[in-house]
Structure formats: C-alpha cells, structure tokens
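*Asks:* Have a look at this one.
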Amino acid sequence: MAEGKTAIVTGGSRGIGREVSLRLAALGYDIAIVYVGDENEAADTVRDCEAKGVKAKAYICNVASFEETKNTVAEIRKDFGNIEALVNNAGITRDGLIAFMKEEDWDNVLSVNLKGAFNMIRHTAALFIRNKGGRIVNISSVSGLMGNAGQANYSASKAGIVGLTKATARELAPKGITCNAVAPGFIRTDMTKNITEDNSELLRTIPLGRMGDVSDVASAVVFLLTSPYITGEVLRVDGGIAM
C-alpha cells in the first residue's frame, strides 16, 4: 500500500489517465489530477478516487506552459505536502501527412506531448532529489518506436519521450529515483474512437488480434511505479505490434 504518498497524473481526467488515477487511488495514493478540457470529467474522476478513501484534487493546467506547470506543482505540494510519483500521460494528436502538415500542428503536438513531460519532470525533480526517491512513468507510444504514416508529429514527440526517459533515468538514478516509459499500441480511448475492431486490416497488425484496454496500460504503469529496481525501461503494451 502507498498510504500517505501522492501521485500526479497529467491528462488524468479521462481515458488512460483516469484508469491510472483510479488504480493508484486503490493502492492508497493521494491523487493530483492535472487536466485541460472537461471540468465535469475531472470532477467525476476526483470523486471516484475519493470513494477509495484517498485525497484527490484536480488542477487545470496547460502542461506545455513552463510557468503554469511550475505554479501547479507548487500548488499541489502545498495541498498535499509532498509528491512521490509522477505519471506524464497528457497527450494530443494532430494527424496529417508530413508534406501538408501545418507548422502549428507540429508545434502543438511537440509542445504538449514532449515539452509537457519535460516541464513536469523539471518542476518535480528537485522534490524527488530532496526526498532521496521518487517514481516517474512517461507515456510514450509504439508510434514513437516504429513511426506511423500520417503521424510525423506524434511519432516524433513519442520517440522524444523515450530519449527523455532514458536521459532522466541516468541522471536521477544516483538519487534513488526511477524513470520509465510505457509504450501503448492501439488502446480503446477517445483518441482511437474512429478505429473499430471490425477493421480486419488493423487487427492483422496486432499479433494478439485485438485492441487493448486502458486497464492494460494502467497495469503496466502501476508495475513500473512499484518496481524499485527498474529504470530507463520502455515497456510496450501493444499486443505484440512492435516485437
């Protein structure tokens, strides 16, 4: 159990982030949910976490902003007292062929997906160092391992997450801090709502023959957060796509 420990989950109000928040709450973590978008979804996730007997609070924050993330981490620390774990899950897509991709679509995806993870690590690292321990899990993607046509921006951001994870792991390991990544494949979320499992072409790319669930990804996140001797690892949760 993780009673008295606090975990920050970015993009924590829905999809993978919501499931991770609920799993960690069930383990006894107090939960700080960082989100943008639907306030009602965030409130529902807070309520469901609190129902598990922990403290939970939602913070609206654009993770692409260095200042907003700095202020939000300070606010979380004030509200919860300390921070022991960080899950960088916030992410967006702006798909398009690279020959026609708008500069703003490239910039927005890199800013949220990659810079957002950097911002959160940057503002929590000193706390982890002071505590002589901490756990970081970044959500990458098999798109960052293999590349995906029509997703040059998303693939680049998620490949960057892998490099960020490994560099952070090397830097912080002497302080007792671990940093790992999870690389999901096709997972049933709002981001993949236009993909259906009756798409036989898609299913042929997945050796296990089905899309994954948010619970599959959350299980991997929890495993890495509770594994003190694993760092710098990228754990694929993709049904075998990138093997």
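The values are calculated or read from the model by the stated rules, or taken from the named source; none is laboratory data. Keep in mind it's a predicted model, so treat the numbers as computed, not measured. Ideal geometry is used to build each Cβ from the backbone, glycine not excepted, and the neighbour counts take in all protein chains shown.
*Asks:* Could you tell me whether Arg135 is over 22 Å from Gly37 (Cβ atoms), at pLDDT 95 or above and within 14 Å of the chain's Cα centre (by Cα)?
*Replies:* For Arg135, the condition - over 22 Å from Gly37 (Cβ atoms), at pLDDT 95 or above and within 14 Å of the chain's Cα centre (by Cα) - is met.
*Asks:* Cβ-Cβ below 7 Å, separation at least six or inter-chain, first residue in segment 215-230 and of a type in the set (Ser, Thr, Tyr), second surrounded by 14 or more Cβ atoms within 10 Å (Cβ to Cβ): which pairs?
*Replies:* These pairs meet every condition: Ser215/Glu19.
*Asks:* Checking the conditions here, which among Leu145, Leu127 is farther than 27 Å from Pro207 by Cβ and at pLDDT 95 or above?
*Replies:* Leu127
*Asks:* Could you list all residues from segment 99-113 that are exposed (fewer than 14 other Cβ atoms within 10 Å of the Cβ) and in contact with a Lys or Arg (Cβ under 9 Å, 6 or more places away or on another chain)?
*Replies:* Lys102, Glu104
*Asks:* Taking Gly4 as the residue in question, decide whether it is more than 24 Å from Val112 (Cα to Cα) and either at pLDDT below 95 or more than 14 Å from the chain's Cα centre (by Cα) (or both).
*Replies:* It is true that Gly4 is more than 24 Å from Val112 (Cα to Cα) and either at pLDDT below 95 or more than 14 Å from the chain's Cα centre (by Cα) (or both).
*Asks:* Condition first: of a type outside the set (A, V, I, L, M, F, W, C), touching a strand residue (DSSP E or B) at 6+ places or on another chain (Cβ under 9 Å) and either at pLDDT below 95 or within 23 Å of Ala126 (Cβ to Cβ) (or both). Now tell me which residues in segment 69-97 satisfy that.
*Replies:* Selection gives Thr69, Thr72, Glu75, Arg77, Asp79, Gly81, Asn82, Glu84, Asn88, Asn89.
*Asks:* How do the helices (runs of 4 or more DSSP H) wholly within segment 11-109 filter down when requiring 2 or more residues that are within 28 Å of Ala169 (Cβ to Cβ): which remain?
*Replies:* Correct list: 15-26, 66-80.
*Asks:* Find all pairs meeting these conditions: Cβ atoms under 7 angstrom apart; at least six residues apart or on different chains; first residue within segment 180-206 and of a type in the set (Asp, Glu); second residue part of a loop (DSSP other than H, G, I, E, B) and modelled with pLDDT of 80 or more.
*Replies:* Asp190/Arg14; Glu197/Arg210; Glu197/Met211
*Asks:* Please determine, by comparing only the residues of segment 39-98 that are of a type in the set (Phe, Trp, Tyr) and touching a helix residue (DSSP H, G or I) at 6+ places or on another chain (Cβ under 6 Å), which one is surrounded by the most Cβ atoms within 10 Å (Cβ to Cβ).
*Replies:* The selected residue is Tyr59.
*Asks:* Quick check on segment 213-229: of everything there that is in contact with a helix residue (DSSP H, G or I) (Cβ under 7 Å, 6 or more places away or on another chain) and hydrophobic (A, V, I, L, M, F, W, C), which residue is surrounded by the most Cβ atoms within 10 Å (Cβ to Cβ)?
*Replies:* Top of the filtered list is Val221.
*Asks:* Pairs please, first residue from segment 22-46 and of a type in the set (Gly, Ala, Ser), second anywhere and part of a helix (DSSP H, G or I), Cβ atoms under 7 Å, 6+ apart in sequence or on different chains.
*Replies:* Ala25/Cys49; Ala32/Ile76; Ala32/Phe80
*Asks:* Given the structure, is Ala26 over 16 Å from Thr72 (Cβ atoms), among the hydrophobic types (A, V, I, L, M, F, W, C) and either surrounded by fewer than 21 Cβ atoms within 10 Å (Cβ to Cβ) or out of contact with any helix residue (DSSP H, G or I) (no Cβ under 8 Å at 6 or more places or on another chain) (or both)?
*Replies:* Against the criterion (over 16 Å from Thr72 (Cβ atoms), among the hydrophobic types (A, V, I, L, M, F, W, C) and either surrounded by fewer than 21 Cβ atoms within 10 Å (Cβ to Cβ) or out of contact with any helix residue (DSSP H, G or I) (no Cβ under 8 Å at 6 or more places or on another chain) (or both)), Ala26 qualifies.
*Asks:* Within the bounds of segment 116-129, is there any residue that is surrounded by fewer than 24 Cβ atoms within 10 Å (Cβ to Cβ), basic (Lys, Arg), touching a strand residue (DSSP E or B) at 6+ places or on another chain (Cβ under 9 Å) and under 24 Å from Gly37 (Cα atoms)?
*Replies:* Looking for residues that are surrounded by fewer than 24 Cβ atoms within 10 Å (Cβ to Cβ), basic (Lys, Arg), touching a strand residue (DSSP E or B) at 6+ places or on another chain (Cβ under 9 Å) and under 24 Å from Gly37 (Cα atoms), one finds none in segment 116-129, hence no.
*Asks:* I would also like to ask the following. Can you confirm whether segment 16-23 contains a residue that is touching a helix residue (DSSP H, G or I) at 6+ places or on another chain (Cβ under 9 Å) and under 20 Å from Ala125 (Cα atoms)?
*Replies:* No, because not a single residue in segment 16-23 is touching a helix residue (DSSP H, G or I) at 6+ places or on another chain (Cβ under 9 Å) and under 20 Å from Ala125 (Cα atoms).
*Asks:* Within the group Gly185, Gly239, Gly144, which residue is farther than 25 Å from Leu110 by Cα, among the small types (Gly, Ala, Ser) and buried (at least 22 other Cβ atoms within 10 Å of the Cβ)?
*Replies:* Values: Gly185 fails: farther than 25 Å from Leu110 by Cα; Gly144 fails: farther than 25 Å from Leu110 by Cα.
Going through Gly185, Gly239, Gly144 in turn, just one is farther than 25 Å from Leu110 by Cα, among the small types (Gly, Ala, Ser) and buried (at least 22 other Cβ atoms within 10 Å of the Cβ): Gly239.
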